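Structure first, then comments.
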Amino acid sequence: MASGALAKPPMRGLLAKRLRFHIVGAVIVALGAATFYRFGVAEQRKKAYADFYRSYDSMKDFEEMRKAGIFQSTK
Amino acid sequence: MTSSLNTEFAARGVLTCSPARSQGKMTPYSNCYAQRSYPMPDEPFCTELSAEQQALKEKEKGSWAQLSQAEKVALYRLQFHQTFAEMNRRSNEWKTVMGCVFFFVGITALVIWWERVYVFPKKPITLTDERKAQQLQRLLDMKSNPVQGLAAHWDYERKEWKK
């Protein structure tokens, strides 16, 4: 019946195949995004704050701000 | 493959075929024209059948194994306006669309330029460079966002931006 040049295309399981491909891809992308965020953003931020406050002198900071004249309650 | 569709049945069938309700030159979105999103139209493409086509339709009521390849193709052509390949063919319409989009964006740009020159009022005094520098100095004095933000990038000893 067929001319012989074309193979019979897949007739069944089209949705299942598509779903499997896309679900696996979605899981990989989601995990990748989460991992990137954890290490690229969250951990960096925690480290930055820890480093900042390790050697932070709040009284010295306050004195500098007071001398710059930004406070209304004191000079 | 499409050349094989021009057999004796199909050649005459398509030319004498008229759609159920003619809709003029516009692409119809209705009963006998299929689209990718609505692939099984409500009505067959040809409704006025010649005698040969009637005979073919009668033959179709029997076992399909007795139909020849050409007859099957002719029946398909009676039922449907185009094959899937023909219906889904790509076109150059996107170039027209993009061209018109850019054209109108360009017109909008000219209109906004004219507005900028003739319509907009003067900018407020707080946007002058001197005032903006004073605001920035105050932010730095307040040490705003000292961990990761603005004041974190300012070197307070040397009074300049960190490299």
Exercise. Within segment B:137-159, is there a residue that is part of a loop (DSSP other than H, G, I, E, B), closer than 24 Å to A:K47 by Cβ and in contact with a Lys or Arg (Cβ under 8 Å, 6 or more places away or on another chain)?
Worked result: yes
Exercise. In segment B:30-41, is there at least one residue being in a loop (DSSP other than H, G, I, E, B), at pLDDT 90 or above and under 28 Å from A:P9 (Cβ atoms)?
Worked result: no
Exercise. Counting only residues that are surrounded by 12 or more Cβ atoms within 10 Å (Cβ to Cβ), small (G, A, S) and free of Cβ contacts under 8 Å to residues at least 12 places away in the same chain, how many does segment B:109-163 have?
Worked result: 2
For this session: Determine, yes or no, whether B:Q66 is under 30 Å from B:R36 (Cβ atoms) and either touching a helix residue (DSSP H, G or I) at 6+ places or on another chain (Cβ under 7 Å) or polar (S, T, N, Q) (or both).
Result: no
Exercise. In segment B:112-153, which residues are over 49 Å from the mean Cα position of the chain (by Cα) and within 14 Å of chain A (Cβ to nearest Cβ)?
Worked result: B:Q134, B:Q137, B:R138, B:L140, B:D141, B:M142, B:K143
For this session: Confirm whether A:L15 is at the interface with chain B (Cβ under 10 Å from one of its Cβ atoms) and either exposed (fewer than 10 other Cβ atoms within 10 Å of the Cβ) or touching a Pro at 6+ places or on another chain (Cβ under 8 Å) (or both).
Result: no
Problem set entry | In segment B:110-163, the residues that are in contact with a helix residue (DSSP H, G or I) (Cβ under 9 Å, 6 or more places away or on another chain) and among the β-branched types (V, I, T) | B:I125, B:T126, B:V147
Problem set entry | Residues of segment A:24-66 that turn out to be at the interface with another protein chain (Cβ under 9 Å from one of its Cβ atoms) and either exposed (fewer than 10 other Cβ atoms within 10 Å of the Cβ) or among the charged types (D, E, K, R) (or both), as a count | 4
Exercise. Regarding A:E43, is this residue of a type in the set (D, E, K, R), under 30 Å from B:L136 (Cβ atoms) and without any contact (Cβ under 8 Å) to a residue 24 or more places away in the chain?
Worked result: no
Problem set entry | Tally of residues being more than 30 Å from A:A68 (Cα to Cα) and outside any helix (DSSP H, G or I) across segment B:110-134 | 4
Seminar exercise, completed: Residue set A:L6, A:L15, A:L19, A:L31; condition without any contact (Cβ under 8 Å) to a residue 24 or more places away in the chain, within 30 Å of B:A70 (Cα to Cα) and not small (G, A, S); output residue A:L6
Exercise. For segment B:116-136, does any single residue satisfy the condition of being among the small types (G, A, S) and under 30 Å from B:E157 (Cβ atoms)?
Worked result: yes
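The values are calculated or read from the model by the stated rules, or taken from the named source; none is laboratory data. All values derive from a computational prediction rather than experimental measurement. FYI the Cβ positions are ideal-geometry reconstructions off the backbone, even for glycines, and counts take in every protein chain you see.
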